[in-house]
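Written below as structure tokens is the structure these notes are about.
The values are calculated or read from the model by the stated rules, or taken from the named source; none is laboratory data. Just so you know, these numbers come straight off a predicted model, no measurement behind them. Glycine also receives a Cβ, built like all others from the backbone with ideal geometry; neighbour counts cover every protein chain displayed. Heads up: the accessible areas ignore ligands, DNA and RNA and are worked out on the full protein's heavy atoms, side chains in. Shrake-Rupley method; radii C 1.70, N 1.55, O 1.52, S 1.80 Å.
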Amino acid sequence: MHRLSRRSVSAILRYGGVRHRNAAASVSCSSPYTDLVGENDSNTKWYSKLTTGRLNTSKSSTQVNLKSSLFSSYRYESTAAASDSSDTPPAERYEYQAEVSRLMDLIVNSLYSNKEVFLRELISNASDALDKLRFLSVTDPGLSKDAVEYDIRIQTDKDNGIVTITDTGIGMTRQELVDCLGTIAQSGTAKFLKALKDSKDAGGDNNLIGQFGVGFYSSFLVSDRVVVSTKSPKSDKQYVWEGEANASSYTIREETDPEKLIPRGTCLTLYLKRDDKGFAHPERIQKLVKNYSQFVSFPIYTWQEKGYTKEVEVDEDPAEAKQREQDEKTEMKKKTKTVVEKYWDWELTNETQPIWLRNPKDVTKEDYNEFYKKTFNEYLDPLASSHFTTEGEVEFRSILYVPAIAPSGREDIINQKTKNIRLYVKRVFISDDFDGELFPRYLSFVKGVVDSNDLPLNVSREILQESRVVRIMRKRLVRKAFDMMLGISMSENREFWENFGKHLKLGCIEDRENHKRIAPLLRFFSSQSEEEMISLDEYVENMKPDQKDIYYIASDSVTSARSTPFLERLLQKDLEVLYLVDPIDEVAIQNLKSYKEKNFVDISKEDLDLGEKNEDREKEMKQEFGQTCDWIKKHLGDKVASVQISNRLSSSPCVLVSGKFGWSANMERLMKAQTVGDTSSLEFMRSRRVFEINPEHPIIQNLNVACKSNPNDDDVLRAIDLLYDAALVSSGFTPENPAQLGQKIYDMMGMALAGKWSQPAQVHGFQQHAAQSGNPEPIEAEVVEPAQAGTQK
């Protein structure tokens, strides 16, 4: 054993060149190990481990045994003279090992969330086999020399729990059985498509469904054992593949039973699990076919029990027969009864042609309505429908409908998971359970079908993969839906807005990108149209030439909006004001912000501009009532942010307006009424309140005089408090202490009514009480003038 010295390392670096560069690197990264080389030697020595190269040395390498027995390694000795090295040792390659039974279980039970999709997958495989045969027969007619129809047949045995699926497609050879069914996640369809793509002669369109190579294994969702008997036109022999759910192996044998030979295609026999034998009922199989594979391009037949009626003779009672023999005049007629004769036969299950694949010019309105009612179990005709095909970067076909009525309970506004959009891929139903991938929540009422050939799905074909293609599809579907709804709105259909108006208002909040499409569909009551709703386009057409903004007021009803003091000056100027009476209206308009370059303005907020500024008059009013405003603000304190002279009042003495950036009175009322509302946020979000007074009103003018003559009078201060509380209520706010407000009103009423009607009654009652008690009537005292001194009477 030799320890590499620094001189040896230098020689390797100097003369070894590129060949020894790795070895030198390993030397430089040496680690110290403590070992006993001899009995009397216990010093710590440094050993180098050359792991990246093998140097030609005169001595063989020996193993260093460490005392701790934790590490074992090989040390390669080297000298400065031995500069040549051999090639690096070949690395050994290992393949991953897997327990196939557990891997199969993971694949089957993790990819598919619903057991009933096994039939969809197997029918899709059968459809692919038929498509392959039809395509290959174009160049090789000998493949379809057997006069067998292109179809798929499903037969069930509910007593034994067996389902048999037979197709007359391309079939498989022995090697194809090994490649396709014996190799997990290897798709024969994907191979076929790749071969078509690489082939120069491939110019036709194909609609092959399978791409992932796991569809066949979905049969183990419901089966303990699967038997596949297949015959390819390329082979003279028929082979049988057999596998079990929890097994790690399968068998392939040649079919020798003459009764089980088929001319061409594949026959799958599923032996269902005990808990899944319900899938062997013919009615359930028929229902699954109609749901998932209704529009597969090949006919699908299911084995169904049928019946027909016929008349059969009834055996007569012996007594009746004897009586009939005695009565010769009675006509001899035999008694019969109607019975139902049952039998089993094949029934075509997917007889409906996909309506979206037809030319829209060839489809009538009745056809669209019939398809809508049948697909979505509706009894009313839809309000509108849209049939379109999108080509280019993303290709798909679709038919969209607007229902006649909204769902009861309006649950679709809260829960965006609806079953209103049915997604098909190459005419095979995939799913109708979406979470906003294809349509936003506010358009969840739109119903329809979408069929795409290149939609990006995951392996299970049930969950959409978030991608650019899906986003493009969503945009185009939403755009077509808005075009359809715009046509409805132009026809002045009031039912549409009554049913789906809240959905569109929700869109103003959630979908900023489509504000320009949503806004023309909105409808509101207004000060000039309290009976019928108007659109924003109609409002803009009715605007005054010098009007710059769209005015609105939010309230709980048209009646309260009509009587609000904020409207007084606008009605005098004949300016139209929108009434937002739906709880969602105010939030929707605030998110919309503007329409056709006209800003939405809340007339209950401060700094209202009506376009009639008169600086001289404003200056004069400030000089006249400025002191009064300061006096009222000082008395009200923190209840108001400021007291200003109003430009929106004409008949009311005062009003309480909200700040620009806080809640309005209507919004504050709504937030207080929330079931799960946070009361701590009310003080934070409640806007500053501005007390505006009308200088032309007699009450304000009297207060102005009182401010200058007797500002500390208790009656005047009580009048200011009552004026504030009255403005609080008339402006839509809720008083903090209603009982105190009521007491103030009672006190003011008592002062106003004192002695007005009650004085005569009180005097009469007092006199009557005095007479009854025997007291003498009161005598008026006579005032005597003082006599002069010395005067006598």
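Brief remarks follow.
- Qualifying trypsin sites (Lys or Arg not before Pro) in the stretch 584-632, DSSP loop, other Cβ atoms within 10 Å at most 13: Lys593, Lys596, Lys613
- Net charge of neighbours whose Cβ lies under 13 Å from the Cβ of Gly182, counting Lys and Arg as +1 and Asp and Glu as -1: -2
- Peptides 738-747, 431-440, 220-229 ordered by packing proxy, namely the average of other Cβ atoms within 10 Å per residue, highest first: 220-229, 431-440, 738-747.
- Charged neighbours of Ser235, selected by a Cβ distance under 13 Å, balance to +1 (K, R count +1; D, E count -1).
- Computed extension length for Gln353-Met621: 88.6 nm, one decimal, from 0.36 nm per residue of separation with the Cα-Cα distance subtracted.
- Theoretical gain in end-to-end length, Tyr379 to Ser113 [0.36 nm per residue, Cα-Cα removed]: 92.6 nm
- Around Phe525: net Lys/Arg minus Asp/Glu count, Cβ-Cβ under 9 Å: -2
- Full extension of the chain between Asp275 and Thr364 yields a length gain of 27.5 nm, computed as 0.36 nm times the residue separation minus the alpha carbon distance.
- Given R0 = 60 Å, the distance between the Cβ atoms of Ser651 and Asp146 translates into a calculated FRET efficiency of 0.05.
- Per residue, in Å², the accessible surface of the stretch 251-299 once ligands and nucleic acids are set aside, probe 1.4 Å: 53 Å²
- Sparsely packed chymotrypsin sites (Phe, Trp or Tyr not before Pro) within the stretch 622-677, loop by DSSP, other Cβ within 10 Å at most 12: Phe661
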